[in-house]
Ligand code: BES
Ligand code: ZN
Ligand code: ZN
């Protein structure tokens, strides 16, 4: 999508008209340059009450001698916050028909710069489809890039333009996260992800990508990563992203679960919907997408990220239930179920994170089906060893309309995960209850103390279980289907707005 901002009154292509619920005519401030035939048709529709402008509703006018238009509802005035504007922008793109063409002009009445920016952001977020594996039809209008022009006051032009350019960068991160998640698992395997990261980093002077390959992981003692990935012909690896590493002081650290396909391993999953386990690298995609959002918008602070990439396959080389593995931390884990593999790869990723002495660590993982049972597709599960930090993440999510819901990190859950007869920990809870909480408690054991000091303070850490929100979230109106790219915007907001 190409977006431009201009103070003129020209209407190029189809007019987009965001309206508050109860509007009975075209607001006077929007009348300039509007063809009288189109204006009277819109006014008739509104005064007859045929379009009520309820939130996210749209109505098209096609065939008028005065041009084409799409009216979109912002809902009631008191509810028309930036989230309503973002959703309205997305609704316009979702409802787009061939007859609308590809050129649009949007005009707002009394909207703030933030609201107009959010509307454009919603349009850009929703303007996404994953069609790399389909034959292209060059003549098809729907495949041509959409161009949108925003009419605004002269005084708003500069600020709005800057805001939109920032949204362009962040949206590129969200779309990257979706691209990675949607990619079929025959093409998205650990090394393919690493190669993409490596190639991607070349365009930014301030970003470095390092890949720890299989042999290096074995040598380093990354027993969790190795155990999960060794059953696949496509070997595991760890990818480290460093942005502005030269800059002084501590920076955030993001860690992602990157299981490019989760069959369950020897503890094989049932067949139904197993294809969806291509999304099990959603945590790593979130991390990569966030790095793109930060890099594309020229973020100058230090940020580091680690993705733990493996394919969980059953084979004669695969780990078995009953195996005891030794992780990078030195702690041993009794593997009671090879399908609880995300926590194994993350145990090494979290421990490795300590080497960078980060300000805080956040991990992202499609970790448990139990989290989907608890929260459905409406919210990400959020755990932290620091209540204030958990609140900050929750609020960052609210600020961009991506819900992350606080969940309990309790000593009892941790105890449940250390109750192994032959190892330091076990990768399975005692029963199936509270499975998302026991998984979070398991991870906590691998969050290092600052400087790896034995009795030191544990690094501030949060865990985000995106099993229900990374894909299949039908109420997420920012995306049509497939991977959502959720939390790139949350974490971008957290990092750039404190
Ligand atoms: N990747 C799955 C979690 C998952 C399942 C995400 C369904 C989204 C939808 C994870 O590796 C897994 O299989 N977890 C097990 C853990 C159990 C064996 C303790 C689960 O949730 O069943
Ligand atoms: Zn699994
Ligand atoms: Zn998994």
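The values are calculated or read from the model by the stated rules, or taken from the named source; none is laboratory data. Remember, predicted model here, so these are calculated numbers, not experimental data. Cβ atoms come from the backbone with ideal geometry, glycine included; neighbour counts cover every protein chain shown.
Assess whether residue 485 counts as being within 16 Å of ligand 3 (Cβ to nearest atom) and within 20 Å of residue 372 (Cβ to Cβ). In short, no. Only a single criterion out of (1) more than 17 Å from residue 116 (Cβ to Cβ); (2) in contact (Cβ under 8 Å) with a residue 60 or more places away in the chain; (3) touching a strand residue (DSSP E or B) at 6+ places or on another chain (Cβ under 7 Å) is not satisfied by residue 94, namely (3).
Scanning segment 258-284 for residues that are at positive phi and within 9 Å of ligand 1 (Cβ to nearest atom) returns 264, 273. Does residue 148 fit the bill of being surrounded by 21 or more Cβ atoms within 10 Å (Cβ to Cβ) and in a helix (DSSP H, G or I)? No: the conditions fail for residue 148. Only one of the listed residues (412, 430) is out of contact with any strand residue (DSSP E or B) (no Cβ under 7 Å at 6 or more places or on another chain), more than 16 Å from ligand 2 (Cβ to nearest atom) and under 16 Å from residue 343 (Cβ atoms). That residue is 430. Note on segment 253-269: among residues that are farther than 20 Å from residue 183 by Cα and under 22 Å from the mean Cα position of the chain (by Cα), the one that is farthest from ligand 2 (Cβ to nearest atom) is 253.
Output yes when any residue across segment 335-355 is under 18 Å from residue 434 (Cα atoms), touching a strand residue (DSSP E or B) at 6+ places or on another chain (Cβ under 6 Å) and buried (at least 23 other Cβ atoms within 10 Å of the Cβ), and no when none is. Yes, some residue in segment 335-355 is under 18 Å from residue 434 (Cα atoms), touching a strand residue (DSSP E or B) at 6+ places or on another chain (Cβ under 6 Å) and buried (at least 23 other Cβ atoms within 10 Å of the Cβ). Of all residues in segment 148-188, those that are in contact (Cβ under 8 Å) with a residue 24 or more places away in the chain and farther than 20 Å from residue 291 by Cβ total 16. Which of the residues belonging to segment 1-52 are in a loop (DSSP other than H, G, I, E, B), farther than 25 Å from residue 94 by Cβ and touching a residue at least 12 places away in the same chain (Cβ under 8 Å)? The answer is 7, 8, 9, 10, 24, 25, 32, 33, 35.
Residues in segment 23-61 that are loosely packed, with under 13 Cβ neighbours inside 10 Å and in contact with a helix residue (DSSP H, G or I) (Cβ under 9 Å, 6 or more places away or on another chain): 24, 50. Exactly one condition in (1) at negative phi; (2) away from ligand 2 (no atom under 16 Å from the Cβ) is not met by residue 244; state its number. Exception for residue 244: condition (1). Exactly one residue out of 411, 448 is surrounded by fewer than 14 Cβ atoms within 10 Å (Cβ to Cβ) and either at pLDDT below 95 or more than 15 Å from the chain's Cα centre (by Cα) (or both): that is 411. Going by the conditions given, is residue 332 away from ligand 2 (no atom under 15 Å from the Cβ) and in contact with a helix residue (DSSP H, G or I) (Cβ under 6 Å, 6 or more places away or on another chain)? In short, no. Within the set 392, 426, 343, the sole residue that is within 27 Å of residue 250 (Cα to Cα), modelled with pLDDT of 95 or more and within 14 Å of ligand 1 (Cβ to nearest atom) turns out to be 343.
Are any of the residues in segment 450-458 closer than 21 Å to residue 332 by Cβ and either touching a residue at least 60 places away in the same chain (Cβ under 8 Å) or not in a loop (DSSP other than H, G, I, E, B) (or both)? Yes, there is a match, as at least one residue in segment 450-458 is closer than 21 Å to residue 332 by Cβ and either touching a residue at least 60 places away in the same chain (Cβ under 8 Å) or not in a loop (DSSP other than H, G, I, E, B) (or both). Only one of the numbered conditions (1) more than 10 Å from ligand 3 (Cβ to nearest atom); (2) assigned to a loop (DSSP other than H, G, I, E, B); (3) touching a strand residue (DSSP E or B) at 6+ places or on another chain (Cβ under 6 Å) is not met by residue 246, and that is (3). Among residues of segment 53-73 being in contact (Cβ under 8 Å) with a residue 40 or more places away in the chain and part of a loop (DSSP other than H, G, I, E, B), the one that is farthest from the chain's Cα centre (by Cα) is 67. With respect to the conditions (1) closer than 17 Å to residue 388 by Cβ; (2) in contact with a strand residue (DSSP E or B) (Cβ under 7 Å, 6 or more places away or on another chain), residue 419 lacks only one, and its number is (1).
Yes or no, residue by residue, for (1) assigned to a helix (DSSP H, G or I); (2) loosely packed, with under 15 Cβ neighbours inside 10 Å; (3) modelled with pLDDT of 95 or more:
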site: 124; (1), (2), (3): yes, no, yes
site: 137; (1), (2), (3): no, yes, no
site: 142; (1), (2), (3): yes, yes, no
site: 161; (1), (2), (3): yes, no, yes
site: 167; (1), (2), (3): yes, no, yes
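Here is a check on your reading of the model: is residue 86 in a helix (DSSP H, G or I), buried (at least 23 other Cβ atoms within 10 Å of the Cβ) and either touching a residue at least 40 places away in the same chain (Cβ under 8 Å) or out of contact with any helix residue (DSSP H, G or I) (no Cβ under 8 Å at 6 or more places or on another chain) (or both)? Yes, satisfied.
Residues in segment 459-482 that are in contact with a helix residue (DSSP H, G or I) (Cβ under 8 Å, 6 or more places away or on another chain) and either without any contact (Cβ under 8 Å) to a residue 60 or more places away in the chain or away from ligand 3 (no atom under 16 Å from the Cβ) (or both): 459, 460, 461, 462, 477, 478, 479, 480, 482. Can we say residue 389 is surrounded by fewer than 22 Cβ atoms within 10 Å (Cβ to Cβ), within 24 Å of residue 174 (Cβ to Cβ) and in contact with a strand residue (DSSP E or B) (Cβ under 8 Å, 6 or more places away or on another chain)? Considered against the rule, which asks whether it is surrounded by fewer than 22 Cβ atoms within 10 Å (Cβ to Cβ), within 24 Å of residue 174 (Cβ to Cβ) and in contact with a strand residue (DSSP E or B) (Cβ under 8 Å, 6 or more places away or on another chain), residue 389 comes out as yes.
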